[in-house]
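Student: The structure under discussion is supplied below as structure tokens; questions concerning it will follow.
The values are calculated or read from the model by the stated rules, or taken from the named source; none is laboratory data. All values reported here derive from a predicted model rather than from experimental measurement. With ideal geometry, Cβ positions are generated from the backbone for all residues, glycine too; neighbour counts draw on all protein chains shown. For the accessible areas, the whole protein counts, side chains as well, though only heavy atoms, and no ligand, DNA or RNA atoms are used. Shrake-Rupley method; radii C 1.70, N 1.55, O 1.52, S 1.80 Å.
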Amino acid sequence: MITRCRKLAGFSEEPGRTTRTFLSAPMRECHRELTLWAEAAGAETRIDAAGNFRAFYAAEEPEAPRLLIGSHLDTVPDAGAFDGALGVVLGIALIENLRGERLPFGIEIVGFSEEEGVRFNTPFIGSRALIGRLDEAMLARQDANGISVRAAIEAFGMNPDEILEARLRGDVLGYVEFHIEQGPVLEELRLPLGVVEALAGQSKMEFTFFGRANHAGTTPMHLRRDALAGAAEWIAAVEREGHRVPGLVATVGAVDAKPGATNVIAGEVHLTLDVRHRSDDVRVAAVETLIRHAEQIAARRGLSVQHCMMLSQPAIAMDSQLIEQIEEAIRKAGCEPHRMVSGAGHDAMILAEKVPAAMVFVRTPGGVSHSPEETVNVEDVEKAIKAGAHLLKLLASSPVLQSRRTQRA
Ligand SMILES: [Zn+2]
């Protein structure tokens, strides 16, 4: 699996580093390799109209439901080899492991065409297609070269008018995504695998502090209205709030001070705010507190402040029955399962709108991801395959899940 992930990482838009965005030329090479591996394991493959790789390993009976196993095939610029790819390659390893044995449910491996939001500045294009949310507005979005999602799909050789064909049918048992944790929690706990209970909700905002730009040499300290000093005080308040509220993460990731010169007091400062928590109530309350802090700091310093909500995404719970089965499978693989919340968004969050969804996290050494330094331990990957194999067995003998055909899809 590790060799395969590294091979896929070689299919890149840039020499010497891994960058693979929505339906770029190297995505085709990626599909070609995956097709070889999946077909050798007994699956039928296709690329759907949203550019997702789909490999179907049939059940013992044709009318049986199907379990989806997948993750995404696109990457951030200068990425590592495992974010996304690991979950797809693991799905293939699981059907190889079956050595032709058929289960009471089919297995469909999905390699999503787009999750990172790099090319079109909006994420989850691939998984949205599966739940019928890849609409005309999304298809019309353009990349930096003025190429629309629709045109990119056509250029890759598919028909965007057939996008509905990519949608899930009513026969889906559930969706399971194996993904590297991309954080340090499992490593700190010395555990190879985690079960995701929920994906944190997130608020993304923009703040602007307004003061008065003036000469840095001639304006005495007590006569200043320094927008950047006010913004700095607020940044520290954001960090304090993150520490104060258990489970909250709050980040100011970008600052732009104007006019931005050594000898000028900043008159205007733009900042971003990113707040995440598993509870929507806690997140919304934290955002309100931080807005209040900004207003108080601005008032005290003779500044004004404006804010604007860019995104308010609720937390998404994973399916409780799948979580229990995964915990059991992890135990059977000889590991202690750790329940955790994902701070990052994943395709499972999108699929969860329509089908029972769950995620397994694989320990990320150093917690490093979205970087060529990203790696996995070979022993952890072995545990993940074992847990996956146990999960298939457990699901095969679970009457609850077998009979559960989602009504919602
Ligand atoms: Zn990912």
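Student: How high is the relative contact order of region 247-377? Use alpha-carbon pairs under 8 Å, at least six apart in sequence, and give a whole percent.
Tutor: 16
Student: Would you grab the residues whose amide H sits under 5 Å from the one on Glu108? Only those 5+ places off in sequence or on another chain, please, with H modelled 1.01 Å from N.
Tutor: Under 5 Å from the amide H of Glu108 lie the amide H atoms of Tyr57, Leu67, Leu68, Ile69, each far enough along the sequence or on another chain.
Student: Provide Rg and Dmax in Å for region 43-162, with only Cα atoms included in the calculation.
Tutor: Radius of gyration, then largest Cα-Cα span, for region 43-162: 15.6, 48 Å.
Student: Under a 10 Å cutoff between Cα atoms, tell me which one of Ala384, Ala396, Ala357 has the largest fluctuation in the Gaussian network model of the chain.
Tutor: Its mean-square fluctuation being the largest, the pick is Ala396.
Student: Just to confirm the number: angle between the C-alpha axis of helix 280-300 and the first principal axis of the chain, 0 to 90 degrees, nearest 10?
Tutor: Result, in degrees: 20.
Student: Obtain the radius of gyration and the Kirkwood radius of region 238-290 from its C-alpha atoms and give Rg over Rh.
Tutor: Rg divided by Rh gives 1.14.
Student: Okay, next question. Normalized C-alpha radius of gyration of region 174-304, against 2.2 N^0.38 Å?
Tutor: With N residues counted in region 174-304, Rg over 2.2 N^0.38 Å equals 1.36.
Student: Same structure again: Determine the sum of side-chain charges near Ala237: Lys and Arg each +1, Asp and Glu each -1, restricted to other residues whose C-beta is under 14 angstrom from that of Ala237.
Tutor: Surrounding charge for Ala237 is 0.
Student: Looking at region 46-115, what % of the alpha carbon pairs are farther apart than 13 Å?
Tutor: Above the 13 Å cut-off, region 46-115 has 65 percent of its Cα pairs.
Student: List the GluC sites (Glu not before Pro) within region 267-375 that DSSP assigns to loop and that have no more than 16 neighbouring Cβ atoms inside 10 Å.
Tutor: Passing sites in region 267-375 are Glu353, Glu373.
Student: Taking the chain as a Gaussian network, Cα atoms linked when under 10 Å apart, which of Arg301, Arg128, Arg276 shows the biggest mean-square fluctuation?
Tutor: Sorting by GNM fluctuation, first place goes to Arg301.
Student: Something else now. At q = 0.13 Å⁻¹, what log₁₀ I(q)/I(0) does a Debye calculation on the Cα points of region 272-402 give, no solvent, two decimals?
Tutor: Here the Debye-derived log intensity ratios amount to -0.74.
Student: Let me ask something additional. Normalized C-alpha radius of gyration of region 1-105, against 2.2 N^0.38 Å?
Tutor: That ratio works out to 1.10.
Student: Still on this structure: When the accessible area of the chain is computed with all protein chains present and a 1.4 Å probe, what percentage of it is carbon and sulfur?
Tutor: Percent of accessible area from carbon and sulfur atoms in the chain: 50.
Student: Which three semi-axes in whole Å describe the equivalent ellipsoid of region 287-340, each the square root of 5 times a Cα gyration tensor eigenvalue, listed largest first?
Tutor: Output for region 287-340: semi-axes of 47, 13, 7 Å.
Student: Next question, about the same structure. With a cut-off of 8 Å between alpha carbons and a minimum separation of six or more residues, what is the relative contact order of region 253-303 in percent?
Tutor: About 24 percent, as a whole number.
Student: Would you report the distance distribution of C-alpha pairs in the chain as whole percents per 10 angstrom bin, up to the bin with the largest distance?
Tutor: The calculated distribution, bin by bin, is 5, 21, 28, 23, 13, 7, 3, 1, 0.
Student: What angle do you read, to the nearest 10 degrees and between 0 and 90, between the alpha-carbon axis of helix 85-98 and the longest principal axis of the chain?
Tutor: Between the helix axis and the principal axis of the chain, the angle is about 20 degrees.
Student: How many percent of all Cα-Cα pairs in region 120-192 sit more than 19 Å apart?
Tutor: Across region 120-192, Cα pairs with separations above 19 Å total 51 percent.
Student: Shifting gears a bit: For region 155-208, just the Cα set please: Rg and Dmax, both in angstrom.
Tutor: 18.8, 49
Student: With every protein chain present, what is the per residue accessible area of the chain (1.4 Å probe, Å²)?
Tutor: Dividing the accessible area of the chain by its residue count gives 43 Å².
Student: I need to check one value: relative contact order of the chain, counting alpha carbon pairs closer than 8 Å and at least 6 residues apart, in percent.
Tutor: 21
Student: Okay, next question. Quick check: the angle from helix 25-40's long axis to the longest principal axis of the chain, C-alpha only, nearest 10 degrees?
Tutor: 30
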